[in-house]
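The values are calculated or read from the model by the stated rules, or taken from the named source; none is laboratory data. Keep in mind that this is a model prediction, so the values were computed, not measured. Every residue, glycine as well, gets a Cβ built from its backbone with ideal geometry; the counts of neighbours run over all protein chains shown.
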Amino acid sequence: MGTISSWNKDRKEGSGKGHIGIRITAGVIVVLLFVCLFVFVILPRFKAEPGDDPETSTSDLADNASSTEDSSDVEDTTQAPTSETSTDRSEPSAGPSEEIISSDADETTGATDPADVTEAPTEPKEEYITILAVGDNLYHKSLSQSGIKEDGTYDYTPVYRAMRYLISAADIAVINQETPMAGESYGIQTYPKFNVPQQISDAMVWAGFDVVSFATNHMLDMGRQGLIDTAQYWKDKHPDVLVTGIALSQEERDTVPYVECKGKKIAFLNYTYGVNSGNLGRQPYLLNFFDEATVRADIARAKETCDYVIVLPHWGVEGRMEPTEDQYNMALILADAGADVVIGTHPHVIQKVQWVTGASGHNTLVFYSLGNFISLQDTAAKMLGGVAKLRLRIDPETGELSLDDYRMDYIVTHFTYDPEIELFSGMTAVPWDQYSRNRAAQHGLISWGKKFSYDMLETYIKNNGPVTKEDIERIP
């Protein structure tokens, strides 16, 4: 029989004693577990306040206390909000963070309502008025006929489409209407005595023009009644457009013509050197002529009621690219009378831009001629027009207007011509910076047997001299 090991032997002998020890140990463990359960689990439940989280640890409570301190820091920074903060908080679309800050400040500190807090002063807002002006809107017969559709309706929008984005972008846009728009009873008439369809006005307004000057040498081409019918048509059809240079009564003639923009009144006074034919008879108020005494009186009256005065003279010699002595003398008169800016038309070609100082010491910016906006005249020089651009600054403290920036850009009248059927087509005005040599090579003047090229236009521009504020004011 095998030998029993001492280990097994001891186990057998001490088995009774071992059972007793195990029982005692187990009992002690159970008692300890019960005590721990009572101290750490059951007792805290009895001591906890209603609504407290029984599972919140001591470290969690410390974190919450720290969070409360942080909240008071935010609270202090919002007690005296800036105007920007006040604005943000009053916005209905304020984000959750703004709403939380506002709520914390009001509920935990009793901070003064933002509405009762004096807002910090804000910087005055810079504000400007932009003005754009173009030259002669000159419709010869082919151009007048180009807008008549097969169904008898009219559409002249293609003439203005390429320029519309510039015209409509200006606060105020000005154009010189060279000829009468007397109505269908007069028929379409061309050089030397013009009458053009009244429906052209719809495209002009569509393009964005706000001011139309009518005092030109052609305004009596259809007689006094033709002028009256033109003025009445615009008054009835486009009452929101300012018509200047012609009037239907003495009272209307004596009323300062102006456009109100951004709370400022800008006067537009228009005069012609004369007319090709006809007379005003006993109705001198129908058309404004350049008479020094009259012009001085008109400018003085305009300066009493308006914030800025722009004069639109129809003057000079056709085809001459240098201003005449009469233009220089008239410019001095206008400057001395107090005109702020002068924008001339009639020569059908571009002329220089310069500052003129009157005897009174008043400085006036003069655009001597903007040339043609659109025409079917027969020289390259008359295909190039100018666009006067002004930016007036409204002083945020005084409200006064001042000339902040100015320049003259260039445009080209473009069209095609088929000599076999003597047909002009595609008549439109194009910004110079969008005009190309390839397009110039297809110009209708070439097919017409006239001299025209891109290089010719470039030469005219170069010879015209400086036309931007930077270049003009660089001249001593």
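Key figures
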| read-out | value |
| --- | --- |
| Test result for GLY385, crowded, with 24+ Cβ neighbours inside 10 Å and at pLDDT 95 or above | yes |
| Condition met for ASN276 (exposed (fewer than 15 other Cβ atoms within 10 Å of the Cβ) and under 26 Å from ILE228 (Cβ atoms)) | yes |
| Of all residues in the stretch 326-361 being aliphatic (A, V, I, L, M) and in a helix (DSSP H, G or I), the one that is surrounded by the fewest Cβ atoms within 10 Å (Cβ to Cβ) | LEU332 |
| Positions within the stretch 279-317 being of a type in the set (Phe, Trp, Tyr) and closer than 21 Å to VAL174 by Cβ, in sequence order | PHE289, PHE290, TYR308, TRP315 |
| Residue satisfying condition, being over 19 Å from ALA381 (Cβ atoms) and in the same structural domain as HIS362 (by TED's automatic domain parsing), within set ASP409, ASP455, ASP418 | ASP418 |
| Helices (runs of 4 or more DSSP H) contained in the stretch 113-213 and holding at least 3 residues closer than 21 Å to TRP234 by Cβ, in the same structural domain as LYS265 (by TED's automatic domain parsing) and out of contact with any Phe, Trp or Tyr (no Cβ under 6 Å at 6 or more places or on another chain) | 157-169, 200-207 |
| Condition check for ILE188: β-branched (Val, Ile, Thr), out of contact with any His (no Cβ under 6 Å at 6 or more places or on another chain), within 27 Å of LEU287 (Cβ to Cβ) and modelled with pLDDT of 95 or more | yes |
| Residue count, the stretch 232-247 (criterion: touching a residue at least 24 places away in the same chain (Cβ under 8 Å) and either more than 14 Å from MET204 (Cβ to Cβ) or outside any loop (DSSP other than H, G, I, E, B) (or both)) | 9 |
| Selection from the stretch 376-403 of residues that are at positive phi and more than 24 Å from the chain's Cα centre (by Cα) | none |
| Condition check for TYR285: within 34 Å of the chain's Cα centre (by Cα) and aromatic (Phe, Trp, Tyr) | no |
| Qualifying residue in the stretch 373-380 (condition: aliphatic (A, V, I, L, M) and either in a helix (DSSP H, G or I) or in contact with a Pro (Cβ under 6 Å, 6 or more places away or on another chain) (or both)) | no |
| Filter result (under 29 Å from the mean Cα position of the chain (by Cα) and surrounded by fewer than 13 Cβ atoms within 10 Å (Cβ to Cβ)) within the stretch 423-441 | ASP433, GLN434, SER436 |
